[in-house]
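The structure appears right after this line, and notes come after that.
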Ligand code: SF4
Ligand code: SF4
């Protein structure tokens, strides 16, 4: 997992719309008002052209400006691009081939179920599972590396192993279990699971499937115990949405806890936790 930490890309928000309507989406109320010029300027600010730039933000694959953005990025010398996507558009193999021509080299795909009943109920988009899975098949056939992001929810917490097993056939480069940030539609215990309940499920899978690279994202390291090294604290800047409690002052990390999570579960889970020195 340390390898993953070392190769974290720079994330660039480019999308404004999504073709899913996930119950756990934290971008539902978020409006991306960036103009094309703003996005170009963000590329210009990135000094290291060799570093991986990950295009994300709602659903980048359906952005009307996608290919203009890719063309600009390529012209400026960014040739190590990746995309975070719900994977639905990747069911069109010609679309993937076109992305490859613009140096999209890998993908991060969100999957929240091992069948259409579970996945589509969480994306609130009928047919989304089938399209995403066809996308995974295309990526595998084209030998394009991808990772899978599994958002951990009340509704799928008991099926996480089923999802991992389902994915074996598709050979993802790695699998991340993502902390579901409470927000927008997902602001209660019906959707957001308690971290101390799901972390043992995740760590058990990390150790059971040693031949896969499995990790977690967004959980406070102090709750991960000895499995802290498998956790990436956060992929995006979110410090304005987190808060610190007493033990954080003695901790070597700086993540804090999401305020919206504390609104649901309070801070009891952290009572017997030790800060990481
Ligand atoms: S696919 Fe991503 S951006 Fe789209 S609704 Fe789901 S969580 Fe939100
Ligand atoms: S900063 Fe606070 S929440 Fe984050 S790992 Fe340290 S003690 Fe835990």
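What follows draws every value from the coordinates through simple rules; no lab data is involved. All values reported here derive from a predicted model rather than from experimental measurement. All Cβ positions, glycine included, derive from the backbone under ideal geometry; neighbour counts span all protein chains shown.
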**Asked** Once fully extended, how much extra length lies between residue 37 and residue 162, figured as 0.36 nm per residue of separation less the alpha-carbon to alpha-carbon distance?
**Response** 40.6 nm
**Prompt:** Which percent of Cα-Cα pairs in the chain sits in each 10 Å bin, short to long?
**Reply:** 6, 29, 36, 23, 6, 0
**Request:** Report, in deg cm²/dmol and to the nearest 500, the calculated mean residue ellipticity at 222 nm for the chain, where each DSSP H run with n ≥ 4 adds -39500 (n - 2.57) and the sum is divided by the residue count.
**Result:** -9000 deg cm²/dmol
**Degrees between helix 195-208 axis and first principal axis of the chain (Cα, 0 to 90, nearest 10)** = 70
**Request:** Express the C-alpha Rg of the range 1-122 as a ratio against the empirical globular expectation 2.2 N^0.38 Å, rounded to two decimals.
**Result:** 1.09
**Asked** What is the chain's relative contact order, in percent, from Cα pairs under 8 angstrom and six or more apart in sequence?
**Response** 16
**Asked** Rg and Dmax of the range 170-277 over Cα atoms: what are they, in angstrom?
**Response** 14.0, 44
**Request:** Just subtract the alpha-carbon distance of residue 276 and residue 252 from 0.36 nm times their residue separation and send over the number in nm, one decimal.
**Result:** 8.1 nm
**Fill in**
Cβ density ranking, 10 Å radius, fewest first, applied to 95, 219 yields 95, 219
**Message:** So if I restrict to the alpha-carbon atoms in the range 81-162, what is the Rg, and what is Dmax, the biggest pairwise distance, in Å?
**Reply:** 12.9, 40
**Message:** If you wrap a convex hull around the alpha carbons of the range 169-211, what volume per residue comes out, as a whole number of Å³?
**Reply:** 105
**Complete:** In Å, the Kirkwood estimate of hydrodynamic radius for the range 118-235 over Cα pairs equals 15.0
**Asked** By DSSP, what percent of the beta bridges with both residues in the chain are antiparallel, rounded to the nearest 5?
**Response** 10
**Prompt:** Fully extended, how many nm does the chain gain between residue 100 and residue 76 (0.36 nm per residue separation, minus their Cα-Cα distance)?
**Reply:** 7.0 nm
**Prompt:** What number, in percent, do you get for the relative contact order of the range 127-277 if the mean sequence gap of Cα pairs under 8 Å and at least 6 apart is divided by its residue count?
**Reply:** 19
**Prompt:** Which order do 250, 59 fall in if you start with the one that has the fewest other Cβ atoms within 10 Å?
**Reply:** 250, 59
